[in-house]
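Q: Starting off with a structure, shown below.
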Amino acid sequence: MAETARLSSLFEPGFVAEERVLIDAMGRAPTPGVGADPVPVKIHDARELQLAAETGGAFSEAGFFAEHSFVVLDHRSDFRDWDADPKDTVDAGLTSTYFPEIESIIRERLLPGRRLEIPPVANLLRRGPDTPNPFYGTVVHQDYGLSADDYEENVSAYGTDAAAQAWRDQYDRDEVAGFLVINFWRTVHMDGPLRHLPLAVCDPYSVAPDDVVSTGLLNFTPTGRPSNQLGLRHNPDQRWYYYPGMTTREVLAFKNFQCFKDDARPTLRTCFHSAFEERGAPAHAAPRQSCEYRVGVFFLK
């Protein structure tokens, strides 16, 4: 079953960019190739897709994640301090409670049997009213680009050159085969199922290479440097999904970034995503309270 929703910042069919498209995050200038109005897009029920896989034979969360680059998981966390200040030097249980839970999910449920190195993550990104990020990501985007150089540039833009070099030194080790960032997205502090601005993800294997557009955000990063991201040219063959009615006992895992050293050319394996207005949602649905926990994973040979 699919519903038609309107997604923002999709590039028009036929648009070709000769160089990276820089987007003014403040909205003070139009983006070349992007129309003024959101684009109607079919968004499919991912629960139906996952249920069909579960009832169709030898289902595994790892297999579904590998096939689509996203999967929803049952997970009731023991972590409670979702609103801890990420700048606080006192660990509010993030690395001692939530990270071990997520590391276990990665090793046992998403990437079992792989040799992995997973550095602890000491902050998460909260969104919703009365949070540092009251606005939601209602534009279609992918956060990091395709290559190791793209990712390194983003680390530098959002952090420091030293942090970017430290990541590159880890990645360039002979024992490292590739790198993956998994976004663990969930609702928090909500009494009922989410009906306000759920998250839609696009199956990357439905995206034609020519529909991927190199982009970057201006006036957005702490350093003032443009970010390195990807935009998407609209194509009706692209398959968009969402999980209706997500609860706080679930977490959506999707690929934010992935690259391998033996790739002949950078290949999209990660999910474009965007919040959207769900058709038929109650007018006074509880505002979405959500968090993202992005975890980097080194694949070892």
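The values are calculated or read from the model by the stated rules, or taken from the named source; none is laboratory data. None of the values given here were measured: they were computed from a predicted structure. Positions of Cβ are backbone-derived with ideal geometry, glycine not excepted, and every protein chain shown enters the neighbour counts. Calculation scope for accessible area: heavy atoms of the full protein, side chains included, ligands and nucleic acids excluded. Shrake-Rupley method; radii C 1.70, N 1.55, O 1.52, S 1.80 Å.
Q: Anything in the stretch 37-70 that is in a strand (DSSP E or B) and open to solvent by less than 40 Å² (accessible area, probe 1.4 Å)? List them, or say none.
A: Once the filter is applied, which keeps residues that are in a strand (DSSP E or B) and open to solvent by less than 40 Å² (accessible area, probe 1.4 Å), the stretch 37-70 yields Val39, Val41, Ile43, His44, Asp45, Phe70.
Q: On the basis of being over 18 Å from the mean Cα position of the chain (by Cα) and either under 19 Å from Val181 (Cα atoms) or open to solvent by less than 70 Å² (accessible area, probe 1.4 Å) (or both), does Glu3 make the cut?
A: Judged against the criteria, Glu3 is a match.
Q: Would you confirm, using the coordinates I've provided, whether Ala5 is hydrophobic (A, V, I, L, M, F, W, C), under 24 Å from Arg127 (Cα atoms) and touching a His at 6+ places or on another chain (Cβ under 9 Å)? Steps first, answer last, please.
A: Working: hydrophobic (A, V, I, L, M, F, W, C): yes; under 24 Å from Arg127 (Cα atoms): yes; touching a His at 6+ places or on another chain (Cβ under 9 Å): no.
Against the criterion (hydrophobic (A, V, I, L, M, F, W, C), under 24 Å from Arg127 (Cα atoms) and touching a His at 6+ places or on another chain (Cβ under 9 Å)), Ala5 does not qualify.
Q: Looking only at the stretch 215-247, which residues are out of contact with any Pro (no Cβ under 6 Å at 6 or more places or on another chain) and open to solvent by 50 Å² or more (accessible area, probe 1.4 Å)?
A: Matches in the stretch 215-247: Asn219, Phe220, Pro222, Thr223, Gly224, Arg225, Pro236, Asp237, Arg239.
Q: Look at Glu67 and say whether it is charged (D, E, K, R), modelled with pLDDT of 95 or more, under 30 Å from Arg225 (Cα atoms) and touching an Asp or Glu at 6+ places or on another chain (Cβ under 9 Å).
A: no
Q: Here is a further query. Only one residue in Arg107, Arg127 is more than 17 Å from Glu250 (Cβ to Cβ) and either in contact with a strand residue (DSSP E or B) (Cβ under 8 Å, 6 or more places away or on another chain) or of a type outside the set (Val, Ile, Thr) (or both), so which one is that?
A: Details: Arg127 fails: more than 17 Å from Glu250 (Cβ to Cβ).
Answer to the check: Arg107.
Q: Please note which strands (runs of 3 or more DSSP E) are completely contained in the stretch 243-301 and include at least 2 residues that are closer than 13 Å to Pro198 by Cβ.
A: Hits in the stretch 243-301: 250-260, 273-275.
Q: In the stretch 249-291, what count of residues is obtained for those that are buried (at least 20 other Cβ atoms within 10 Å of the Cβ) and under 21 Å from Leu110 (Cβ atoms)? Step through it out loud before you land on a result.
A: Restricting attention to the stretch 249-291, the residues satisfying the condition of being buried (at least 20 other Cβ atoms within 10 Å of the Cβ) are 251-259, 268, 270-276, 278, 288-291.
From the residues that got through so far, the ones that are under 21 Å from Leu110 (Cβ atoms) too are 251-259, 268, 270-273, 290-291.
Final tally of qualifying residues: 16.
Q: Looking at Arg294, is it open to solvent by 40 Å² or more (accessible area, probe 1.4 Å) and of a type in the set (Lys, Arg)?
A: Answer is yes for this residue.
Q: Kindly provide the set of residues from the stretch 1-22 that are assigned to a loop (DSSP other than H, G, I, E, B) and among the aliphatic types (A, V, I, L, M), ordered by number.
A: If the condition is that a residue be assigned to a loop (DSSP other than H, G, I, E, B) and among the aliphatic types (A, V, I, L, M), then Met1, Leu10, Val16, Ala17 are the ones that fit.
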